[in-house]
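Structure record follows, encoded as structure tokens.
The values are calculated or read from the model by the stated rules, or taken from the named source; none is laboratory data. All values reported here derive from a predicted model rather than from experimental measurement. Neighbour counts run over all protein chains shown; Cβ positions are idealised from the backbone, glycine included. Heavy atoms of the whole protein, side chains included, go into the accessibility calculation; ligands, DNA and RNA do not. Shrake-Rupley method; radii C 1.70, N 1.55, O 1.52, S 1.80 Å.
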Amino acid sequence: MSDVRHVLVLADRDTAEEVAGELSDRFGVTEEPQLVRDALAGEDDAEDAQWLVVVEDPAGRLDSAALDAFAAEFDGWLEQP
């Protein structure tokens with residue numbers, strides 16, 4: 001099985017940091033999630049940036065539906081591959 005990467009999309013950095021911190025408590029994620037600023041296409045205003053929380057899941061054990069529901073608690077979503 002190839003490595004799986006989950007990408008959660010959040011509205012701002014503070015929320016992304018909170019979600020990243022909760023991942024180990026909720027899902028037992030041991031690797032530190034990566035936070036990535038994702039400027040929306042054609043937008044120069046920093047306020048229009050989304051934040052991505054990238055979670056490596058080499059064992060493929062994380063449930064996509066559970067991650068999507070978790071992100072939704074923070075008004076975010078799981079990016080579908």
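Brief remarks on what is shown
- Here region 56-78 is the region considered, the condition is being assigned to a strand (DSSP E or B) and at pLDDT below 95, and the residue that is farthest from the chain's Cα centre (by Cα) is ASP57.
- Subset of region 23-40 (residues that are open to solvent by 60 Å² or more (accessible area, probe 1.4 Å) and in contact (Cβ under 8 Å) with a residue 24 or more places away in the chain): ARG26, GLU31, ARG37
- Complete set of residues in region 60-81 that are open to solvent by 40 Å² or more (accessible area, probe 1.4 Å) and free of Cβ contacts under 8 Å to residues at least 40 places away in the same chain: ARG61, ASP63, ALA65, ASP68, ALA69, ALA72, GLU73, GLN80, PRO81
- Test for VAL36: is it under 15 Å from ALA66 (Cα atoms) and not hydroxyl-bearing (Ser, Thr, Tyr): no
- A count restricted to region 1-22 and to residues that are aliphatic (A, V, I, L, M), surrounded by 15 or more Cβ atoms within 10 Å (Cβ to Cβ), out of contact with any helix residue (DSSP H, G or I) (no Cβ under 8 Å at 6 or more places or on another chain) and not in a strand (DSSP E or B) stands at 2.
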